[in-house]
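Heads up: the structure comes next, in structure tokens.
The values are calculated or read from the model by the stated rules, or taken from the named source; none is laboratory data. Values in this document were obtained by computation on a predicted structure and should not be read as measured data. Cβ coordinates were reconstructed from backbone atoms using ideal geometry, including for glycine residues, and neighbour counts include every protein chain displayed.
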Amino acid sequence: MKQKLILNNSMPLEIRHIEILVSNLHRSVEFYTELFSLVGWEQVDATGFKYGDTKIYLKESVFTKRNSENEQRNMLGSRHMCFNASDLKMVEAVGKFLNKYGTKIIRGPLEVKDDWHPKGGYHTVDFYDPDVYILEVAYKETKQ
């Protein structure tokens with residue numbers, strides 16, 4: 001049985017926040033504001049969003065932007081970030097938003113049947129944000 005590790009009767013150990021460096025803050029805030037509204041995240045300030053106790057902050061950076069999809073796939077560090085969807089309709093709504101926004105979609109929305117999900121029931125859309133960072137929104141059916 002998995003248990004949350006709690007030290008000294010304090011908060012559970014979970015991700016508090018993530019910072020995403022972006023090349024154009026205005027463009028990224030516009031993109032993530034609409035994306036996050038579709039997957040149940042709320043905007044907490046001009047560049048921050050949260051779900052539960054986890055927050056994501058966008059920070060403009062002077063660092064060099066990734067130049068290609070291939071470069072992103074081969075970078076060290078985090079490969080992509082996946083957001084849980086509450087149902088299949090949420091995955092489909094994100095797909096429609098991405099098409100409207102002109103976002104490059106890697107795959108989906110579709111149901112995945114592979115080695116990790118041999119019986120299917122895993123619905124996903126994988127795509128690039130404006131700075132070619134890979135994101136995913138996915139829903140896993142649960143058998144009742």
Note to self: Any residue at all in the range 11-26 that's loosely packed, with under 14 Cβ neighbours inside 10 Å and modelled with pLDDT of 95 or more?
What the structure shows: yes
Next item on the list: Could you please find all residues in the range 120-133 being touching a helix residue (DSSP H, G or I) at 6+ places or on another chain (Cβ under 6 Å) and either touching a residue at least 60 places away in the same chain (Cβ under 8 Å) or acidic (Asp, Glu) (or both)?
Entry: PRO130, VAL132
